[in-house]
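Scroll down for the structure; my scribbles are underneath it.
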2 protein chains.
Amino acid sequence: MKNYTNICLVIAMRAEAQPLIDALQLVEDSSFCPGLPMRAWTGEYRNIQLSLVINGKDPETGLDLIGTQAATLATQFAIDKFDPQLIVNAGTAGAFGENGAKIGDVFLSRDHVVFHDRRVPIAGWDKQSIGYFPVLDVSDLTSLGFKMGVVTTGNSLDMPEHDEENIRKIGGEIKEMEAAAVAWVARLHQVPLFCVKAVTDLMDSGIPTHEEFDQNLKLATENLQKGVTKIIDFLAT
Amino acid sequence: MKNYTNICLVIAMRAEAQPLIDALQLVEDSSFCPGLPMRAWTGEYRNIQLSLVINGKDPETGLDLIGTQAATLATQFAIDKFDPQLIVNAGTAGAFGENGAKIGDVFLSRDHVVFHDRRVPIAGWDKQSIGYFPVLDVSDLTSLGFKMGVVTTGNSLDMPEHDEENIRKIGGEIKEMEAAAVAWVARLHQVPLFCVKAVTDLMDSGIPTHEEFDQNLKLATENLQKGVTKIIDFLAT
């Protein structure tokens, strides 16, 4: 892997980001996005300039912004401000137990990131809607103990039959709510990207996703922090 | 309605925008979004500064960008560049024949704009995901011959049972692919917004949406142009 010295972590929720902010001793950049919810922290790790951007909170509800709209803006602002050579989209996700995934596993993205809830049955637009945004080949990093899978994005926490069918058709293994939006904006700016996703829930467990998410968020974000820190350490010289 | 002197039209596709660019004699602003697909045109109509922003084309496929990601960025760039007092999200859409809608009808948004393909069954996030972004009350404009309806947004052209159920539950009457994203960004910046949507297809006609869309795009975009021009004329002094 190329020697990246300016890396931006794009993360949806504060709870997913905080262990990393602490471990990497990042400091908030209060000049980021004045008047808008998105927030950024920066720091240095050996030879690497780090930035970390989150979606921030909905000004009306006070809840963390999740999903692809907020991720689109956060990524655009991150690129505008920090001009990174590499974007790492980190977060929590669901996975399929039948593929051998376990709660707390940390996956890296493989091949491409896709949208599983965009259906436009017109030649050309069908493929464009799914996206198939290429991700950086990070198979070198599996030696650090990661699994790999195709990351698939949609704006819903549940997985009705219709979405499941799409996820299986496009080979999705990790289901979450932001990666394809981050990857789309990264590709527009030709910034390479990969994803690191820690498993909070197994889509085929029979337990509602939001219950598993609540139960396992702490474990998953701890493992996410350890995983991303190992990657930064591997990339630093 | 307030006297707006700086209005931005946010439109997804070039084919939807071109009749308006021609009728309003707008000129392209080539300084808009260098290196990115989004494009803008500007002009004056009596006392009104007009801008018109489209998503532009996917650099990989050459096809028009549609859907909520592109609309999010286009709206952000539109606000950054033109600082409008009012955003009008104009475009084509589907409607329900059972509600009396006909192909070519032009609808104005009523009450709020919603997402119909975001399901997050956690208290607070459920409502936040649907959005319910308020729209400007434009009932004064119905005297110009418009119908009104709740505009509902998703990233798919089809309407599987799951989406239809959501659309009916949230009272959606006009189904399209960008409005809620435009409205979300507009609300972040506290810019008032309403939508003007010309009907290309009836969701309950039994004919696949993309066939009706192709057949009726010309009629709908002509009616959209006439409708938006009438509104600009009404707002100008």
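The values are calculated or read from the model by the stated rules, or taken from the named source; none is laboratory data. All values derive from a computational prediction rather than experimental measurement. Note: ideal-geometry Cβ built from the backbone for every residue, glycine included; neighbour counts use all protein chains shown. Only protein heavy atoms, including side chains, enter the accessible area calculation; ligands, DNA and RNA are left aside. Shrake-Rupley method; radii C 1.70, N 1.55, O 1.52, S 1.80 Å.
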TODO: Could you look through region B:130-144, keep only residues that are open to solvent by less than 30 Å² (accessible area, probe 1.4 Å) and more than 10 Å from chain A (Cβ to nearest Cβ), and pick out the one that is nearest to B:THR68 (Cα to Cα)?
DONE: B:VAL135
- [ ] Being open to solvent by 20 Å² or more (accessible area, probe 1.4 Å), free of Cβ contacts under 8 Å to residues at least 40 places away in the same chain and within 8 Å of chain A (Cβ to nearest Cβ) is the filter; apply it to region B:61-95 and report the residue that is farthest from B:ALA180 (Cα to Cα).
- [x] B:THR61
- [ ] Would you check if there is a residue in region A:38-53 being modelled with pLDDT under 95, in a loop (DSSP other than H, G, I, E, B) and either within 19 Å of the chain's Cα centre (by Cα) or more than 14 Å from chain B (Cβ to nearest Cβ) (or both)?
- [x] yes
TODO: Restrict the check to region A:3-21 and report whether at least one residue is open to solvent by 60 Å² or more (accessible area, probe 1.4 Å), without any contact (Cβ under 8 Å) to a residue 24 or more places away in the chain and not in a strand (DSSP E or B).
DONE: no
Open item on the list: Here is a list: B:LYS169, B:LYS230, B:LYS175, B:LYS218. Which entry is in contact (Cβ under 8 Å) with a residue 24 or more places away in the chain, away from chain A (no Cβ under 14 Å) and among the basic types (Lys, Arg)?
Closed with: B:LYS230
Open item on the list: For region A:96-129, give me each residue that is buried (at least 24 other Cβ atoms within 10 Å of the Cβ) and within 21 Å of B:GLY56 (Cβ to Cβ).
Closed with: A:PHE115, A:ARG118
Open item on the list: Go through (1) open to solvent by 40 Å² or more (accessible area, probe 1.4 Å); (2) in contact with a Pro (Cβ under 9 Å, 6 or more places away or on another chain); (3) of a type in the set (Ser, Thr, Tyr) for B:SER205 and report which single condition fails.
Closed with: (2)
Open item on the list: Of the conditions (1) within 12 Å of chain B (Cβ to nearest Cβ); (2) touching a residue at least 24 places away in the same chain (Cβ under 8 Å); (3) in a helix (DSSP H, G or I); (4) over 14 Å from the mean Cα position of the chain (by Cα), A:CYS33 satisfies every one except a single condition; which number is it?
Closed with: (3)
Task: Criterion: among the basic types (Lys, Arg), more than 14 Å from the chain's Cα centre (by Cα) and assigned to a helix (DSSP H, G or I) - qualifying residue of B:ARG168, B:ARG119 - done: B:ARG168
Task: Residues (more than 7 Å from every other protein chain (Cβ to nearest Cβ) and at pLDDT below 95) located in region A:145-166 - done: A:GLY145, A:MET159, A:GLU161, A:ASP163, A:GLU164, A:GLU165, A:ASN166
Task: Residues that are farther than 19 Å from B:VAL182 by Cβ and aromatic (Phe, Trp, Tyr), drawn from region B:8-60 - done: B:TYR45
TODO: Could you tell me whether region B:26-36 includes any residue that is within 27 Å of A:VAL185 (Cα to Cα), aromatic (Phe, Trp, Tyr) and surrounded by 15 or more Cβ atoms within 10 Å (Cβ to Cβ)?
DONE: yes
